[in-house]
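The block underneath contains the structure these notes are about, expressed in structure tokens.
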Amino acid sequence: MVTVDEAALGDSARLAAVERAREVLSRPAGAMNAIAALAGQLSGASMAAVSVVGDEWETFLGTHRLPPGSTGSGRVALASALGQYVVSAGGPVECGDMPGDHDRRLREHPLVTGHGIRAFLAAPLRDGDGRPVGALTVLDTEVRAWSEAQTALLAEAAGLLGPSLPAGSPAPAPTGIDDLSLLDSIQEAFLAVDRDGVVVSFNRAAQELLGFTSSQVCGRHLHASLLPDYGGEPVGAALARLFTAAPHRPVARTVSVRHRDGHRITARVSLSVVRAATGPLAAVFVTDLSAQVAAENAAERNGQFLAALLDSRAVGVIACDEHGQVVLINRVLREMRGLPPGGPVPADFAETTSGLLMRPDLTPIPWDQAPLMRALRGEHVQDTDILVRVPGHRLRTFAATARPITAEDGRRLGAVVAAHEVTAVRRVERFRGCHAAVARILAEAASPSEAAPAVLRTMAANLDWPYAELWLLDPSGTRLESVGHWTEPGFESLVDHHVVKGAGITGQVWATGESMWVPDLNVDRSHPPQVRSRVEALRQRGVGTVLSVPIKDGDTLLGVLSGYAGAPEPHEDVLTVLLEGVAAQFAVFVALRQAAHLTHQLERSHDDFLELVGHEMRTPLTSIMANATMLGEDAAALPDDDREMVRSIERNTAVLQSIVDTLLELAGLESGHLGLTLGDTDLVDLVAEAMTAAGPAAAANRVRLSTDRPDRLVIVGDPARLRQLVDDLLANAIKYSPDGGAVHLRLRPDGDTAELTITDEGIGVPPAELGHLFDRFYRASNVRHQGTPGSGLGLSLARAIVDLHAGSITVTDHQPRGTAVVVRFPLRRPATP
């Protein structure tokens with residue numbers, strides 16, 4: 001923000017110093033013009049001025065290219081003086097955009113409204129006592145941002161005039177531009193030349209650069225020392241043009257000058273014309289380009305090395321300049337596009353490439369959205385998948401990483417993209433998803449013919465194949481039957497064909513049971529007559545590659561899976577493994593369906609058997625039991641042997657009748673034909689009744705009964721079936737307990753379940769046979785060897801009752817001897833499935 005300090009401006013000591021400074025700096029005439037020109041040159045500004053600031057006026061002691069009339073008669077009123085802001089601030093003041101500044105004084109300043117000035121930068125001139133007496137100001141007609149380096153340099157230049165202004169008395173003025181210490185403080189080599197080419201000033205930086213001293217050069221013609229080569233043109237002619245044109249801005253040229261030791265130095269010179277007391281001078285700033293030329297030569301060599309390096313890499317590289325013009329393509333991308341290995345980049349490269357680029361969803365990518373153009377706009381693109389489809393070639397996937405190229409000062413120089421091919425990797429990744437999709441399809445399908453079309457469509461989409469088909473052997477194993485296919489438009493006519501074992505690709509896989517890969521149908525034309533027309537039809541539709549794999553369950557061939565590709569496929573091993581994975585999934589599905597079919601047949605046989613037992617055996621058993629009962633009623637009149645036979649008939653008929661009834665009851669419960677009558681059932685009361693009922697049998701077997709139960713424990717269940725369950729479990733425990741054993745029943749709540757445990761001290765069960773106790777008709781080996789009667793259906797029936805109540809039942813060892821049966825029921829019955 002600009003400010004005006006009236007006290008600082010009107011300070012009497014300062015005003016006295018201003019008068020002394022004006023007297024000292026005004027001699028000799030023109031010296032301050034040269035200093036103003038040098039200040040403009042150093043800051044890159046088009047105009048400059050040296051001024052002192054009094055109490056009413058800003059007086060200009062030296063100017064460079066200020067607009068006519070901007071300084072009046074060499075001074076301007078203090079109200080319009082930029083120098084007043086510098087004196088008030090006591091330090092540098094800048095404004096990069098005067099018309100856009102928030103301060104009205106700057107927006108409406110006469111330099112802006114009348115002379116088109118847009119920016120200024122000013123540093124204070126100080127006397128020997130440090131008082132601000134004036135300003136060294138540079139101005140420009142363009143809006144600009146002044147750098148810290150420019151501000152520091154201008155302040156340093158203004159400060160060099162301070163020692164010539166001692167406090168209290170004027171000091172001698174410099175006799176000319178060569179005598180100012182300002183020139184030696186400049187870090188860039190500088191010399192001043194008159195119209196005749198005679199050097200009149202030569203600063204310390206020029207001496208260090210060129211090896212000559214000031215005395216060896218000044219007063220002598222350029223050709224006597226520096227021997228400048230101005231592109232073969234005489235220096236005199238170039239100087240004449242310079243003095244005649246007196247350009248508004250410095251003119252830059254590249255020349256060659258001689259060092260004192262004789263070697264040539266390539267340099268860039270910045271030429272401008274300044275006014276001095278002796279007349280116009282050419283101010284020449286010299287910049288050594290030797291390092292730059294060496295760097296350019298090294299860059300050319302490095303560029304050739306880099307090009308060779310990029311061409312040796314398997315990664316594709318493409319770069320553009322700051323205008324988006326493609327300037328570099330390495331060998332990998334040239335080969336992909338079918339371009340010559342060398343030579344310039346085609347002018348239409350961007351246009352012709354745009355139509356080949358796609359996103360993973362196969363939507364096209366316009367050139368302005370390609371990774372190279374995104375990077376040119378400053379975006380960093382990391383491992384973005386780009387699909388490329390060149391006509392006549394397979395679809396390829398590249399992972400592209402793009403970065404902008406910027407200079408140290410932040411300027412955008414271009415962009416570069418590195419792309420490595422990940423076609424095989426992405427295909428493997430897609431096939432993982434494909435396998436998961438196939439698994440879902442198979443899980444939801446009821447039959448191979450229902451699953452096949454969706455499986456083939458998923459597989460072909462992931463492989464980008466136009467045609468796929470699936471064959472399964474018929475039940476006789478003598479014929480391959482089509483169970484599904486998937487085609488792109490134009491391939492429908494290939495579907496209807498017959499596979500001959502050993503002929504054609506599918507037929508050979510059928511015959512050998514091994515996968516088969518045909519990389520190019522056009523190469524091998526020795527096909528048997530049965531398939532020759534089909535192979536020709538495949539060729540006409542552009543099919544070049546065929547892969548066929550067997551569908552096997554172990555060593556048993558179930559069918560063949562075949563896929564057809566339009567473009568050559570280079571990844572034989574990978575694709576074979578992937579396709580065999582799909583075939584294996586389908587093989588498991590077919591095997592499971594066959595097993596399910598067999599299970600269904602077995603279940604039908606089981607149902608037929610139960611029906612036979614229920615209807616064909618129950619009726620005669622009933623008749624036998626009725627007759628045996630009548631005979632038993634009249635047995636008193638029979639001999640002893642006959643009575644024993646009648647009792648045997650009654651006893652064994654009853655056993656057989658019990659087995660038949662249990663079987664039918666078990667089948668009815670498992671099939672759902674016998675349902676439950678559910679209601680709130682107190683297990684405590686039910687267990688108490690069962691214990692009472694089991695008392696006589698326990699006493700007869702000299703078994704001790706004990707129980708541990710709460711006061712009440714209610715579940716939702718069928719009381720009749722639950723009582724049947726407890727009765728059967730207690731009967732088993734008593735029957736298999738030796739004389740003097742003990743049976744204990746414990747009932748308790750356990751979390752959200754009711755737990756019923758019955759333990760005995762009986763003969764137990766061999767550990768290896770515990771898992772078979774719930775199988776129908778199974779009896780443990782120790783029971784069979786002891787001759788204990790039983791049907792092997794009791795625990796099967798118990799589990800059926802428990803399952804219908806959504807519970808669980810387990811049998812374990814009871815240490816130190818015996819068996820423990822644990823039954824758990826949910827306290828809240830879940831919804832019936």
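Here are the numbers for this structure:
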read-out: Boolean, GLY69 is within 13 Å of SER272 (Cβ to Cβ) and surrounded by fewer than 24 Cβ atoms within 10 Å (Cβ to Cβ); value: no
read-out: Scope segment 804-830; condition in contact with a helix residue (DSSP H, G or I) (Cβ under 7 Å, 6 or more places away or on another chain), closer than 17 Å to GLY751 by Cβ and open to solvent by 20 Å² or more (accessible area, probe 1.4 Å); matching residues; value: SER808
read-out: Residue that is farthest from VAL560 (Cα to Cα) [pool: residues in segment 503-522 that are open to solvent by 20 Å² or more (accessible area, probe 1.4 Å) and of a type in the set (S, T, N, Q)]; value: ASN522
read-out: Residues being among the acidic types (Asp, Glu) and crowded, with 23+ Cβ neighbours inside 10 Å - total across segment 32-66; value: 1
read-out: Subset of segment 64-112 (residues that are part of a loop (DSSP other than H, G, I, E, B) and among the acidic types (Asp, Glu)); value: ASP97, ASP101, ASP103, GLU108
read-out: Criterion violated by PHE431 - all others in (1) in contact with a strand residue (DSSP E or B) (Cβ under 9 Å, 6 or more places away or on another chain); (2) in a helix (DSSP H, G or I) satisfied; value: (1)
read-out: Total residues in segment 73-88, condition open to solvent by 60 Å² or more (accessible area, probe 1.4 Å) and touching a strand residue (DSSP E or B) at 6+ places or on another chain (Cβ under 9 Å); value: 1
read-out: Residue satisfying condition, being of a type in the set (A, V, I, L, M) and surrounded by fewer than 14 Cβ atoms within 10 Å (Cβ to Cβ), within set VAL390, VAL495; value: VAL495
read-out: Among (1) under 60 Å from the mean Cα position of the chain (by Cα); (2) under 17 Å from VAL133 (Cα atoms); (3) surrounded by 14 or more Cβ atoms within 10 Å (Cβ to Cβ), the one test that GLU94 misses; value: (2)
read-out: Test: residue in segment 746-765 that is of a type in the set (Gly, Ala, Ser), surrounded by fewer than 17 Cβ atoms within 10 Å (Cβ to Cβ) and in contact (Cβ under 8 Å) with a residue 24 or more places away in the chain; value: no
read-out: Residue that is surrounded by the most Cβ atoms within 10 Å (Cβ to Cβ) [pool: residues in segment 206-217 that are in contact with a strand residue (DSSP E or B) (Cβ under 7 Å, 6 or more places away or on another chain) and at pLDDT 90 or above]; value: ALA206
read-out: Segment 129-151, subset without any contact (Cβ under 8 Å) to a residue 40 or more places away in the chain and open to solvent by less than 60 Å² (accessible area, probe 1.4 Å), residue nearest to the chain's Cα centre (by Cα); value: SER147
read-out: Lone unmet requirement of (1) farther than 24 Å from ALA34 by Cβ; (2) modelled with pLDDT under 80; (3) open to solvent by 50 Å² or more (accessible area, probe 1.4 Å) for ARG264; value: (2)
read-out: Pair list, Cβ under 6 Å, 6 or more apart: segment 1-13 residue under 15 Å from GLY134 (Cα atoms), other residue exposed (fewer than 14 other Cβ atoms within 10 Å of the Cβ); value: GLY10/ASP55
read-out: In segment 708-761, the residues that are touching a helix residue (DSSP H, G or I) at 6+ places or on another chain (Cβ under 8 Å), more than 26 Å from LEU674 (Cβ to Cβ) and among the acidic types (Asp, Glu); value: ASP711, ASP760
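Residue-by-condition table, conditions (1) at pLDDT 85 or above; (2) within 25 Å of SER706 (Cα to Cα):
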position: LEU745; (1), (2): yes, yes
position: THR753; (1), (2): yes, yes
position: PHE777; (1), (2): no, no
position: ASN782; (1), (2): no, no
position: HIS785; (1), (2): no, no
position: THR788; (1), (2): no, yes
position: ALA798; (1), (2): no, yes
position: ARG817; (1), (2): no, yes
position: THR832; (1), (2): no, no
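The rows are residues; the columns are (1) without any contact (Cβ under 8 Å) to a residue 40 or more places away in the chain; (2) out of contact with any Gly (no Cβ under 8 Å at 6 or more places or on another chain); (3) farther than 30 Å from VAL543 by Cα.
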{"residue": "ARG359", "(1), (2), (3)": "yes, yes, no"}
{"residue": "ALA375", "(1), (2), (3)": "no, yes, yes"}
{"residue": "HIS380", "(1), (2), (3)": "yes, yes, yes"}
{"residue": "LEU387", "(1), (2), (3)": "yes, yes, no"}
{"residue": "VAL416", "(1), (2), (3)": "no, yes, yes"}
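The values are calculated or read from the model by the stated rules, or taken from the named source; none is laboratory data. Keep in mind it's a predicted model, so treat the numbers as computed, not measured. Cβ sites come from the backbone with ideal geometry, for glycine too, and all protein chains shown count toward neighbours. Only protein heavy atoms, including side chains, enter the accessible area calculation; ligands, DNA and RNA are left aside. Shrake-Rupley method; radii C 1.70, N 1.55, O 1.52, S 1.80 Å.
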